[in-house]
Amino acid sequence: MKFIKIIFEDMIGTIIFNNDTKRNSLNFEMLEEILKALEEFKKNKARVVIIRSSKGAKVWSAGLSIDELPEPGIDPLTYNHPLEKVLRALQRFPAPVIAMTEGSVWGGACDLAFVCDILIGSLNTSFAITPAKIGVPYNSSGILHFLNILGLNVAKEMFFTAKPVSAQRAENLGMLNHLVPVEEIEEFTYKLAKDITHNSPLSISVMKEQLNILGSSDPINPSTFERVQELRNHAYESADYLEGKNAFLEKRKPVFKGK
């Protein structure tokens, strides 16, 4: 594979981001490779999957590749978008998925990390949700992923400011299951994964699905859903969306006009 490395050993599957020159940005090809890796691990009956960056990486992932965002008027995060497919595959994977977040986590990569079942970080870990920096409207399922971990007020702050949350604060807020020294994160994560492999895979698979269903069981009525979609349309059809995308590619500060 071109953008990831995969290892399967002792019933533990590992996906290693391998696109450091692009800060492990999630391009379509990389996301398709992650889907294929998960399918392979599923066939091999992996009892745990670990998603990580290369050892010593400063950026776990910079998020969705901005080069592949569509032009205004087209929904940037449809149901069948490759990132959405990966998020659903992680949630539906029959074994626990651990995000070993060495380095900073940006934008859509936060979504990817947050749908994992367990998050491990070190002091160089941080999380920033950045759609407001480029005028991108986030989809409802993605916002729910954040709400399930962060709570409403913290999610609002992260979305509105687009500023990173430090590892220490992430641990205090419950975003991280464990905060460990960077030199120990690999040993700690694989020890935790090994402990999980000793337990009943069927029991864990059933409980994971139960927890996911119950954790997202709040109903939403049709009129509310339609209003949410109308709000998203307003954002991705805007001049601000185009300005944000162009400013990023041109390496300048965007000038948003709220139109």
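The values are calculated or read from the model by the stated rules, or taken from the named source; none is laboratory data. For clarity, every value in this text was computed on a predicted model and none was experimentally measured. Quick reminder, even Gly has a Cβ in these numbers, built from the backbone with ideal geometry, and neighbours come from all protein chains shown.
What number of residues within the stretch 167-187 are surrounded by fewer than 16 Cβ atoms within 10 Å (Cβ to Cβ) and within 21 Å of LYS55 (Cα to Cα)?
Counting residues in the stretch 167-187 that are surrounded by fewer than 16 Cβ atoms within 10 Å (Cβ to Cβ) and within 21 Å of LYS55 (Cα to Cα) gives 7.
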Residue count, the stretch 24-47 (criterion: more than 25 Å from HIS198 (Cβ to Cβ), free of Cβ contacts under 8 Å to residues at least 60 places away in the same chain and not in a helix (DSSP H, G or I)): 2
Could you count how many residues in the stretch 5-14 are β-branched (Val, Ile, Thr) and either assigned to a loop (DSSP other than H, G, I, E, B) or crowded, with 21+ Cβ neighbours inside 10 Å (or both)? 2
Scope the stretch 97-147; condition at pLDDT below 85 and in contact with a helix residue (DSSP H, G or I) (Cβ under 6 Å, 6 or more places away or on another chain); matching residues: ILE134, GLY135, PRO137, TYR138, SER140, GLY142, HIS145
Which of the residues that make up the stretch 48-68 are assigned to a strand (DSSP E or B) and either modelled with pLDDT under 95 or within 17 Å of the chain's Cα centre (by Cα) (or both)? VAL49, ILE50, ILE51, ARG52, VAL59, TRP60, SER61, LEU64
Condition check: of a type in the set (Asp, Glu), at pLDDT 90 or above, surrounded by 15 or more Cβ atoms within 10 Å (Cβ to Cβ) and under 25 Å from TRP60 (Cβ atoms). Does GLU157 satisfy that? no
Could you list, in sequence order, all residues of the stretch 124-155 that are β-branched (Val, Ile, Thr) and farther than 20 Å from LYS85 by Cβ? THR125, ILE129, THR130, ILE134, ILE149, VAL154
Would you pick out the residues in the stretch 17-62 that are among the β-branched types (Val, Ile, Thr) and surrounded by fewer than 20 Cβ atoms within 10 Å (Cβ to Cβ)? THR21
